[in-house]
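Notes to accompany the following structure.
The values are calculated or read from the model by the stated rules, or taken from the named source; none is laboratory data. Fair warning: this is a prediction, and the values are worked out from it, not measured in the lab. Cβ sites come from the backbone with ideal geometry, for glycine too, and all protein chains shown count toward neighbours.
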Amino acid sequence: MPKEGPTRSFFIQGDVGAVFSVYITNEDNHYYNFNTKSFQAAFTSLLQASISSTGTASGKIKFPTISDNDEYNVYLRAESHFETELSPVLSTNKIIYKVPNVNTETNDDGSLKYPSSIYQYTDTTVTIAVLSYNTNIVEPSSTTYVSSRGIVATRPSNIEDTTPSNRKAVSFAISTSGADKNLSILKQPTVNDFYITKAAGTVIIDSEPADTAGSSFLINNYIDVNSAEGLDVGYDIISGVNASGGALSLEPNVYKITAIKSHEELASLGKQYASNLYPLGVSKAFRIFFNTTSGFPVTEQNSVLTFRGYGPSSSFIAYGTRFTLNNLVNALPLVNNVDTGKPTEFNVTTKTNGAWTSGTSITLDSTAGIKAGNTIYAKGLGLDSSGDPITVASVSSATVIVASAAHDSGYSIADDTQMYFAGSAATATISGDIDFTTIGETNFTLTLDLDKILTLTDSY
């Protein structure tokens with residue numbers, strides 16, 4: 001349930017005249033008062049109610065607005081001295097029935113992950129950001145999605161049935177750091193272009209001989225940490241800091257996790273695997289194996305490593321949140337062609353600064369957003385001598401481009417003529433919806449990796 005005190009109805013079916021009681025407890029062992037609609041320390045219940053002539057009894061529960069997570073247990077009691085008992089479908093003891101949680105997930109030991117009847121959580125905030133590791137791409141500010149924890153009812157077969165409450169509309173305007181740079185579309189975004197980050201526990205020192213244990217723990221392609229919670233195979237190291245907070249020299253996307261094993265698991269495999277393990281019983285330790293055999297960079301004891309995982313499976317493993325995309329589009333700007341008055345396939349427009357009658361050099365008001373290979377359109381633009389379209393061969397400066405060929409005879413472009421270019425632009429927009437199908441308890445940042453969907457080019 002969300003934090004804002006919802007009201008929930010309940011219904012009890014039975015024989016006409018059957019007598020029952022209902023009582024509800026919260027995590028503080030307080031009881032719900034059906035008259036005051038609040039919880040109190042002293043025992044209270046819906047006492048000795050009965051099934052009406054319709055064969056059904058009903059009621060409502062007003063849950064409080066919470067500031068921290070809470071959980072509730074709902075009990076139905078058959079009043080035996082009124083010759084009432086529970087259906088064996090509900091309870092073998094015929095007296096008390098605890099309403100189960102609809103979620104039947106289990107822990108590793110087989111116990112229910114959600115043993116209480118109802119759970120109520122404070123809001124979770126997902127920060128949605130876009131980021132490039134190219135400093136010449138200018139990213140906009142992030143946005144946030146706030147929701148209560150729980151599974152949102154959707155129909156996977158028809159995403160249009162998704163309720164607005166779990167849908168976040170986003171729009172990000174991307175630009176470049178200068179007029180000499182441009183953007184082009186590499187591909188459309190998918191869920192696997194989004195990533196989360198998760199810090200591992202601190203790096204610990206293995207039980208190395210005294211002359212090697214200490215400031216640096218690096219043995220081939222693995223490290224030992226005191227916690228691997230939220231990490232999974234496929235994650236890569238994105239950054240790290242030493243015990244003093246200084247940045248470690250770690251390049252993203254180089255060291256990818258191939259396996260995570262506890263020291264208990266490795267010890268059980270025998271001496272070959274148990275060598276150099278942190279003493280069992282001293283600390284819970286995990287060994288993280290990487291895809292490189294060249295050795296791990298120097299990593300000080302008590303360093304903290306931050307990992308990156310892509311896609312909704314990673315966001316669920318790390319933070320209990322799943323998401324899908326609904327018509328999220330990566331687009332360059334469209335400009336109006338004066339001949340049609342409508343947006344066309346063209347992305348940049350500018351004017352000639354002087355007539356182009358011969359040669360391949362064209363002076364424009366601006367070359368911002370134009371790159372080599374772009375399509376060109378303008379009134380008076382002809383074909384080359386071979387009958388092929390003329391394109392952009394290169395960009396020389398902020399005002400000059402070089403065409404792939406000169407005009408064939410008989411063609412020219414006058415001064416101040418509008419010219420159109422397709423294939424790149426100075427800006428791009430990413431817009432659409434992100435649908436959250438499951439919300440976890442922990443706030444985190446979901447980041448779209450721009451380097452997977454956009455290409456930055458230096459024009460000159």
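For K351, indicate whether it is at pLDDT 95 or above and surrounded by fewer than 16 Cβ atoms within 10 Å (Cβ to Cβ).
Yes: the conditions hold for K351.
From T367, T363, grab the single residue that is surrounded by 16 or more Cβ atoms within 10 Å (Cβ to Cβ), polar (S, T, N, Q), modelled with pLDDT of 95 or more and part of a strand (DSSP E or B).
Unique residue meeting the criteria: T363.
Residues in the stretch 265-283: is at least one basic (K, R) and either modelled with pLDDT of 70 or more or touching a His at 6+ places or on another chain (Cβ under 6 Å) (or both)?
For the stretch 265-283, residues basic (K, R) and either modelled with pLDDT of 70 or more or touching a His at 6+ places or on another chain (Cβ under 6 Å) (or both): absent.
Quick grid of which residues meet (1) exposed (fewer than 15 other Cβ atoms within 10 Å of the Cβ); (2) assigned by TED's automatic domain parsing to the domain that holds I137; (3) part of a loop (DSSP other than H, G, I, E, B); (4) touching a Ser or Thr at 6+ places or on another chain (Cβ under 7 Å):
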{"position": "A398", "(1), (2), (3), (4)": "no, no, yes, yes"}
{"position": "I401", "(1), (2), (3), (4)": "no, no, no, yes"}
{"position": "G410", "(1), (2), (3), (4)": "yes, no, yes, no"}
{"position": "D416", "(1), (2), (3), (4)": "yes, no, yes, yes"}
{"position": "M419", "(1), (2), (3), (4)": "no, no, no, yes"}
{"position": "S431", "(1), (2), (3), (4)": "yes, yes, no, yes"}
{"position": "F436", "(1), (2), (3), (4)": "no, yes, no, yes"}
{"position": "L446", "(1), (2), (3), (4)": "no, yes, no, yes"}
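So, in the stretch 209-232, of the ones that are small (G, A, S) and within 32 Å of the chain's Cα centre (by Cα), which residue ends up modelled with the lowest pLDDT?
Per the stated criteria, the residue is S227.
Considering (1) outside any loop (DSSP other than H, G, I, E, B); (2) over 29 Å from the mean Cα position of the chain (by Cα), say which one S91 fails and leave the rest.
(1)
Six or more apart or on different chains, Cβ under 8 Å: which pairs go from a residue in the stretch 74-89 that's over 15 Å from F11 (Cα atoms) and assigned by TED's automatic domain parsing to the domain that holds A57 to one that's aliphatic (A, V, I, L, M) and at pLDDT 95 or above? Could you list them?
Correct list of pairs: E79/V19; F82/A18; F82/V19; T84/A18; T84/V19; T84/A78; E85/A78.
Given D339, D384, D388, which one is farther than 25 Å from L456 by Cβ and surrounded by 16 or more Cβ atoms within 10 Å (Cβ to Cβ)?
D384
Out of all the residues in the stretch 43-92, which are modelled with pLDDT under 95, among the hydrophobic types (A, V, I, L, M, F, W, C) and within 24 Å of T7 (Cα to Cα)?
Across the stretch 43-92, the qualifying residue is only I66.
Please count how many residues of the stretch 306-331 are on the phi > 0 side of the Ramachandran plot and small (G, A, S).
2
Look at P297 and say whether it is at pLDDT 70 or above and within 30 Å of the chain's Cα centre (by Cα).
no
Output the qualifying pairs, or none if there are none: Cβ atoms under 8 angstrom, residues six or more apart or on different chains, first residue in the stretch 1-24 and more than 22 Å from P88 (Cα to Cα), second residue aliphatic (A, V, I, L, M) and assigned to a loop (DSSP other than H, G, I, E, B).
Qualifying pairs under 8 Å: K3/I66; G5/I66; R8/M1.
Read through the list (1) loosely packed, with under 14 Cβ neighbours inside 10 Å; (2) more than 42 Å from the chain's Cα centre (by Cα), then give the number of the only condition that I51 fails.
Unmet for I51, out of (1) loosely packed, with under 14 Cβ neighbours inside 10 Å; (2) more than 42 Å from the chain's Cα centre (by Cα): (1).
Determine which single condition T442 fails, assuming it passes every other condition in (1) modelled with pLDDT of 95 or more; (2) of a type in the set (S, T, N, Q); (3) under 30 Å from N69 (Cα atoms).
(1)
Among (1) within 30 Å of A247 (Cβ to Cβ); (2) outside any strand (DSSP E or B); (3) modelled with pLDDT of 90 or more; (4) out of contact with any Phe, Trp or Tyr (no Cβ under 7 Å at 6 or more places or on another chain), which single condition is P333 missing?
Exception for P333: condition (1).
Of everything in the stretch 398-420, what is farther than 15 Å from G359 by Cβ and touching a Phe, Trp or Tyr at 6+ places or on another chain (Cβ under 6 Å)? Give them in sequence order.
The one that is farther than 15 Å from G359 by Cβ and touching a Phe, Trp or Tyr at 6+ places or on another chain (Cβ under 6 Å): Y420.
If you scan the stretch 380-438, which residues turn out to be more than 41 Å from the chain's Cα centre (by Cα), of a type in the set (A, V, I, L, M) and over 15 Å from G369 (Cβ atoms)?
Of everything in the stretch 380-438, those that are more than 41 Å from the chain's Cα centre (by Cα), of a type in the set (A, V, I, L, M) and over 15 Å from G369 (Cβ atoms) turn out to be L381, L383, I390, V402, A403, A405, A406, I413, A414.
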